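Any read-out appearing in this document is the output of simple, stated calculations on the displayed coordinates, not a laboratory observation. These numbers were taken from a predicted model, which means no experiment stands behind them. A quick note on method: Cβ atoms are made from the backbone with ideal geometry, for glycine too, and the neighbour counts reach across all protein chains shown.
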Amino acid sequence: MDKKVLCDMAISATNKAYSPYSNCKVGAALLSADGQVFTGCNIENASFSPTICAERTAFAKAVSEGVTKFSAIAIAAKKDGKLSTFTPCGVCRQVMSEFCSDDFTVLVVTGEDKFQEYTLSELLPASFKLD
Ligand code: THU
């Protein structure tokens, strides 16, 4: 799938964000190895710690449908209505490392028609895994 299309799906997913506390609207579009896309948004909570990031929402949707192999994820965020660069938090990086290989592609939207591209091993070197 075209990387820009995946980024545009992440931007669209920001519209679903439930984020009355931070006012940050985050969207993710997770591409499975067999070509399906699972979108996700951040879902906040008055108690704060139950908040789930957009990336983990997307992973939860995919894994709960039996899909566990992935090739890329795009992440977009809007703060006060404007695109803002959100690289994945540490918890989301760890969740990615559970299901994805070192060369998994992470696309971070940085503006209209612009994104930065990372591999998972760049974002989470020397990751923890149980053998
Ligand atoms: N957030 C995400 O959805 N993904 C990230 O990788 C970083 C942070 C959300 C959590 C919270 O709802 C808001 O952004 C502000 O931290």
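Brief remarks follow.
- Estimated purely from DSSP H runs of n ≥ 4, each contributing -39500 (n - 2.57), the mean residue ellipticity at 222 nm for the chain is -8000 deg cm²/dmol once divided by its residues.
- The rule of thumb for compact globular proteins, 2.2 N^0.38 Å, goes into the C-alpha radius of gyration of segment 13-126 1.00 times.
- Cα convex hull volume per residue for segment 55-115 (Å³): 93
- Residue exposure proxy: 112, 98, 44, ordered by other Cβ atoms within 10 angstrom of their Cβ from fewest to most, comes out as 112, 98, 44.
- Summing +1 for each Lys or Arg and -1 for each Asp or Glu among the other residues whose beta-carbon sits under 13 angstrom from that of residue 43 gives +2.
- The count of lysine pairs in the chain with alpha-carbon distances below 15 Å, taking only pairs 8 or more places apart or on different chains, stands at 12.
- Between the amide H of residue 42 and those of 18, 26, 54, distances stay under 5 Å, these residues lying 5 or more places away or on another chain, with hydrogens modeled in the peptide plane.
- Spacing of the modelled spin labels on residue 122 and residue 18, each 7 Å from Cα toward Cβ, amounts to 3.4 nm.
- Largest GNM mean-square fluctuation across 70, 99, 38, computed for the chain with C-alpha springs under 10 Å, falls on 99.
- Highest-fluctuation residue, 33, 46, 17 considered, GNM on the chain with Cα pairs under 10 Å: 46
- Principal semi-axes in Å for segment 8-63 [√(5λ), Cα gyration tensor, largest first]: 21, 12, 5
- A straight line joining the Cα centroids of segment 1-33 and segment 75-131 runs 12 Å.
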